[in-house]
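A quick write-up on the structure given underneath.
The values are calculated or read from the model by the stated rules, or taken from the named source; none is laboratory data. Just so it is clear, the model here is predicted, and its values are computed rather than measured. Here the Cβ positions follow ideal geometry from the backbone for every residue, glycine too, while neighbour counts run over all protein chains shown. Areas reflect the complete protein model, heavy atoms only, side chains present, ligands, DNA and RNA absent. Shrake-Rupley method; radii C 1.70, N 1.55, O 1.52, S 1.80 Å.
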Amino acid sequence: MSDHVLRLNAISKSYNKGKANAVDVLHDIDLTLNTGEVVALVAPSGAGKSTLLHIAGLLDTADSGEVRLGERDMTRQNETQRTLARRSDIGFIYQFHHLLPEFSAQENIVLPQLSAGIARSEADKRARNLLERVGIAQRADHRPAALSGGEQQRVAFCRAMANAPRLLLADEPTGNLDPETSDQVFDALMSLVRDTGLSALIATHNLELASRMDRIVRLDRGRLSAG
């Protein structure tokens, strides 16, 4: 059995490929994320971090290279197989929470479970448990508009964890929060990740937060380097 959850081998990506004004975004990227490892992805704006996360999360495809989840080469899978992998194996967190405004906090966590075929009673139980673990179970019945920014993002964390993924991908998950709230919400995220044994790749501009992860990789001008 593989000890890595994600492996990117020689990933390259450009836009307007074949044209004179083609923009090379990623150059020959190699990255391995081991089981239970939390890695910080530090990059300036425009360096390609979102593109890298989208390729790792099977939301986009590379021009060349290989994306492996465990032992599966996802570049050889059809779109149905990739969709199933996204649903069951990968959790996504973005800078903005993207919660459904007409549903409560708990319902936002239940819905992806129902899409995966989980029974409503079990989905409700797991949603409540996740909200308890991030300290906002008392807000379960509130809609997003009635929640603070930090609470909204904690719900987004729980939604990403709803289907018990093996891999978490986060793009500036505390970027919209003030420094104090950012620190508290990041602590909640790390506690949840550690408790569940998840592997996570977390993009951040915040070097203090990055230093609290297992290691740091830097993306600059489409190239990846350690620390």
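Within the range 26-49, is there a residue that is among the hydroxyl-bearing types (Ser, Thr, Tyr), under 30 Å from LEU131 (Cα atoms) and either open to solvent by 10 Å² or more (accessible area, probe 1.4 Å) or in contact with a helix residue (DSSP H, G or I) (Cβ under 8 Å, 6 or more places away or on another chain) (or both)? Walk me through how you get there before you give the answer.
Of the residues in the range 26-49, the ones among the hydroxyl-bearing types (Ser, Thr, Tyr) are 32, 35, 45.
Okay, now just the ones that are also under 30 Å from LEU131 (Cα atoms), so 35.
Restricting the remaining residues to those that are either open to solvent by 10 Å² or more (accessible area, probe 1.4 Å) or in contact with a helix residue (DSSP H, G or I) (Cβ under 8 Å, 6 or more places away or on another chain) (or both) gives 35.
Looking for residues that are among the hydroxyl-bearing types (Ser, Thr, Tyr), under 30 Å from LEU131 (Cα atoms) and either open to solvent by 10 Å² or more (accessible area, probe 1.4 Å) or in contact with a helix residue (DSSP H, G or I) (Cβ under 8 Å, 6 or more places away or on another chain) (or both), one finds at least one in the range 26-49, hence yes.
Counting only residues that are over 19 Å from the mean Cα position of the chain (by Cα) and of a type outside the set (Gly, Ala, Ser), which one in the range 82-113 is least open to solvent (accessible area, probe 1.4 Å)?
Looking at residues that are over 19 Å from the mean Cα position of the chain (by Cα) and of a type outside the set (Gly, Ala, Ser), I get GLN106.
Tally up the residues in the range 72-130 that are within 22 Å of ALA203 (Cα to Cα), in contact with a Pro (Cβ under 8 Å, 6 or more places away or on another chain) and not hydrophobic (A, V, I, L, M, F, W, C), please.
Qualifying residue count, the range 72-130: 7.
I'm told ARG76 meets every condition in (1) under 29 Å from PRO44 (Cβ atoms); (2) surrounded by fewer than 18 Cβ atoms within 10 Å (Cβ to Cβ); (3) of a type outside the set (S, T, N, Q) except one. Can you identify the failing condition by its number?
Of everything listed in (1) under 29 Å from PRO44 (Cβ atoms); (2) surrounded by fewer than 18 Cβ atoms within 10 Å (Cβ to Cβ); (3) of a type outside the set (S, T, N, Q), ARG76 misses just condition (1).
Given the range 19-110, what strands (runs of 3 or more DSSP E) lie entirely inside it while holding 2 or more residues that are more than 19 Å from LEU167 (Cβ to Cβ)?
Details: elements: 23-34, 38-42, 64-69, 90-93.
Fully inside the range 19-110 and qualifying: 23-34.
Tell me which residues, restricted to the range 50-70, are under 16 Å from the mean Cα position of the chain (by Cα) and either open to solvent by less than 30 Å² (accessible area, probe 1.4 Å) or closer than 16 Å to LEU198 by Cα (or both).
Listed by number, the residues that qualify are THR51, LEU52, LEU53, ILE55, ALA56, GLY57, LEU58, VAL67, LEU69.
For ASN9, all conditions in the list (1) open to solvent by 70 Å² or more (accessible area, probe 1.4 Å); (2) within 20 Å of the chain's Cα centre (by Cα) hold save one; what is the number of the exception?
If we test ASN9 against (1) open to solvent by 70 Å² or more (accessible area, probe 1.4 Å); (2) within 20 Å of the chain's Cα centre (by Cα), just (1) comes out false.
Mind checking whether some residue in the range 140-150 is more than 23 Å from GLU37 (Cβ to Cβ), out of contact with any Cys (no Cβ under 7 Å at 6 or more places or on another chain), among the charged types (D, E, K, R) and open to solvent by 70 Å² or more (accessible area, probe 1.4 Å)?
Taking the range 140-150 as the starting set, the residues that turn out to be more than 23 Å from GLU37 (Cβ to Cβ) are 140-150.
Imposing the further condition that a residue be out of contact with any Cys (no Cβ under 7 Å at 6 or more places or on another chain) reduces the set to 140-150.
Adding the requirement that they be among the charged types (D, E, K, R) leaves 141, 143.
Checking the rest, the ones that are also open to solvent by 70 Å² or more (accessible area, probe 1.4 Å) come to 141, 143.
The answer is yes, given that some residue of the range 140-150 is more than 23 Å from GLU37 (Cβ to Cβ), out of contact with any Cys (no Cβ under 7 Å at 6 or more places or on another chain), among the charged types (D, E, K, R) and open to solvent by 70 Å² or more (accessible area, probe 1.4 Å).
Conditions tested, residue by residue: (1) touching a Leu at 6+ places or on another chain (Cβ under 8 Å); (2) more than 28 Å from ASN9 (Cβ to Cβ).
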{"position": "GLN184", "(1), (2)": "no, yes"}
{"position": "VAL193", "(1), (2)": "yes, no"}
{"position": "THR196", "(1), (2)": "no, no"}
{"position": "THR204", "(1), (2)": "yes, no"}
{"position": "SER211", "(1), (2)": "no, no"}
{"position": "ASP214", "(1), (2)": "no, no"}
{"position": "ARG221", "(1), (2)": "no, no"}
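Can you confirm whether the range 172-185 contains a residue that is acidic (Asp, Glu), under 13 Å from the mean Cα position of the chain (by Cα) and either open to solvent by less than 10 Å² (accessible area, probe 1.4 Å) or over 23 Å from ALA127 (Cβ atoms) (or both)? Talk me through it step by step, then tell me what you get.
If we filter the range 172-185 for residues that are acidic (Asp, Glu), which is where we start, we get 172, 178, 180, 183.
Still in the list and also under 13 Å from the mean Cα position of the chain (by Cα): 172.
In the following step, the residues that additionally are either open to solvent by less than 10 Å² (accessible area, probe 1.4 Å) or over 23 Å from ALA127 (Cβ atoms) (or both) were identified as 172.
Within the range 172-185, one or more residues are acidic (Asp, Glu), under 13 Å from the mean Cα position of the chain (by Cα) and either open to solvent by less than 10 Å² (accessible area, probe 1.4 Å) or over 23 Å from ALA127 (Cβ atoms) (or both).
Let me spell it out: the conditions are (1) outside any helix (DSSP H, G or I); (2) free of Cβ contacts under 8 Å to residues at least 40 places away in the same chain; (3) within 20 Å of PRO173 (Cβ to Cβ), and GLY117 meets all of them except one. Which number is the exception?
For GLY117, the failing item is (3).
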